[in-house]
Amino acid sequence: MDTTTSSSAIKILLVDDHAILRQGMKQLLETEERFTVCGEAGTGEEAIMQAFALKPDIILMDINLPKISGYESSRAILTAWPEAKIVILSNQDDPHVMKKCLDLDVKGFLLKDIRIENLVEALEKVYRGEHLTLSAEVSQRMQAGMDHEAVSGADILTEREREVLQALRKGYTNQKLAELLVVSPKTVQNHLYNIYHKIGVASRSEAILWAIEADL
């Protein structure tokens, strides 16, 4: 007879902006009796609210979320609740993004192509208080990216893109940027899109942080 109850199971908060993916992940995890999905969030704001309302054992966090990214959400949660156990589960394999997340002291960074049995094993380790080691594949990607960054750094950006990042650091709005660069607001948006893509971030605040770290 099954004696496992939801109160004794490991409580997981799923954070991903794709409802179908959350539904599939919930079904997979709950085939394991020791897990229960206690909540779901589709935005960074919802993730922060649910984390404090539900106090899950583990937060499974995506990076690419609307408005407030998974990185920013994790930072906000850990600032107020340092004991929170956050595991990043993302298809974002940019080494700079990985390093930033791990520097927050999340418990691990996993890619979405992970096998379910490996995910289950990882979550059990985190629940026991362990930090996850990076898989060989992720480690290689990160090391290759860091080696490339050491060589190229901000050289991946054009001179105009560096100007835009420097202006962002000063707190300029898009309209002010357009006036400063003598271009249209649409052109500013295009510059920002290209910058975000090149440096592997998803928001203005992350781009500013990247610029500070790159000493632009």
> Mind checking which aspartates and glutamates have their C-alpha under 16 Å from residue 170, skipping anything on the same chain fewer than 8 residues away?
Replying inline: 161, 179, 206, 213, 215
>> Run the numbers for residue 204 and residue 173: contour at 0.36 nm per residue of separation, minus the present Cα-Cα distance, in nm.
In response: 10.1 nm
>> Restricting to Cα pairs below 8 Å that are 6+ residues apart, what does the relative contact order work out to for the stretch 1-125? Please round to a whole percent.
In response: 21
> Which angle between 0 and 90 degrees, to the nearest 10, do you get for helix 185-199 versus the longest principal axis of the chain when only C-alpha atoms count?
Replying inline: 50
> Using the count of nearby Cβ atoms within 10 Å as a rough guide to exposure, how do 74, 69, 205 rank from fewest to most?
Replying inline: 205, 69, 74
> Which entries of 67/125; 11/99; 55/107; 26/99; 26/112; 55/125 show an alpha-carbon separation above 23 angstrom in the structure shown?
Replying inline: 67/125; 11/99; 26/99
>> Assuming 0.36 nm per residue, please report the length gained on full extension of the stretch residue 128 to residue 55 beyond their Cα-Cα distance.
In response: 24.7 nm
> Among 41, 208, 123, whose Cα sits farthest toward the positive end of the charge dipole of the chain (+1 at Cβ of Lys/Arg, -1 at Cβ of Asp/Glu, about the Cα centre)?
Replying inline: 208
> Nearest 10 degrees, 0 to 90: what angle lies between the long axis of helix 204-213 and the longest principal axis of the chain (Cα atoms)?
Replying inline: 70
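None of the figures in this text is laboratory data; all of them are computed from the coordinates on show. The structure presented is a predicted model; accordingly, all values stated were derived computationally and were not measured. In this analysis, Cβ positions are derived from the backbone assuming ideal geometry, glycine residues included, and neighbour counts consider all displayed protein chains.
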